[in-house]
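Below is one structure, written out as C-alpha cells; comments come after it.
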Amino acid sequence: MSNRKILVVDDEQDICDFVKNFFQERGYDVFTASSGDEALTIVKTNRPELILLDIKMKGMDGIATLRHLKDIDKNLKVIMVTALDDQEKMDEACRLGACEYITKPLVLDHLEQTVEKNLREIKVQS
C-alpha cells in the first residue's frame, strides 16, 4: 500500500516543518504549504487524503481556503488548526465541511490520534 498523503498548511514555517517531520517519521508522505493558494495547487497535483489547515494565515485565511478546497473535492478530509478559541469560526468551518479542529500549541499525541482516526474513516468509506 502506498503511503498516506497529508498536507500541512500554515504560514508559520516552523510549524510546517515540525508537523512534517513528525508524520514523515511515521511513514506518511507529507506536503507543506505556507498559503491558501499554495495549498490549492498542491491539492490539485498531489491529491492528499487529509489536510491540516491553519485558520489564521496572511492572504487567504483558512476558512476561504477550505471553501476552495471543497470546490476541488467535496470529500476532502480537512482538520482545522487554530490558536484562537473562536467558536464562530469553528462553526463556520464545520458548516463548510471541516471534519474537526485542533488547537495550538499542538499536542503531538492528540494530533496523531486525530489524523489516524480520520484516515481510518476514509478507508472505511472507500
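Every number in this text was worked out from the coordinates using simple rules, so none of it is lab data. Fair warning: this is a prediction, and the values are worked out from it, not measured in the lab. Heads up, the Cβs are rebuilt from the backbone with ideal geometry, glycines too, and the neighbour counts pull from every protein chain shown.
What does the charge count near Ser35 come to, summing +1 for each Lys or Arg and -1 for each Asp or Glu among other residues with Cβ under 9 Å from its Cβ? Intermediate results must be reported in sequence, preceding the final value.
Details: positive: Lys58; negative: Asp11, Asp37, Glu38.
That works out to -2.
Over the chain, the fraction of Cα-Cα pairs per 5 Å bin, rounded to whole percents and listed from the shortest bin up, is 2, 11, 24, 27, 22, 11, 2, 0. Mean residue ellipticity at 222 nm, helices only, the chain: -15500 deg cm²/dmol; runs of at least 4 DSSP H residues each add -39,500 (n - 2.57), and the sum is divided by the number of residues. Take the Cα of Gln113, step 7 Å toward its Cβ, do the same at Cys94, and the gap between the two points is 1.9 nm.
Longer than 24 Å from Cα to Cα, which of Lys58/Lys117; Lys74/Lys104; Lys58/Lys104; Lys5/Lys44 are they? Say none if no pair is. Could the numbers behind the result be given before it?
On the way: Lys58/Lys117 29 Å; Lys74/Lys104 26 Å; Lys58/Lys104 17 Å; Lys5/Lys44 13 Å.
The answer is Lys58/Lys117; Lys74/Lys104.
Computed over segment 5-125, relative contact order equals 21 percent, with contacts defined as Cα pairs under 8 Å that lie 6+ residues apart. Each other residue within a Cβ distance under 14 Å of Glu121 adds +1 if Lys or Arg and -1 if Asp or Glu, for a net charge of +2.
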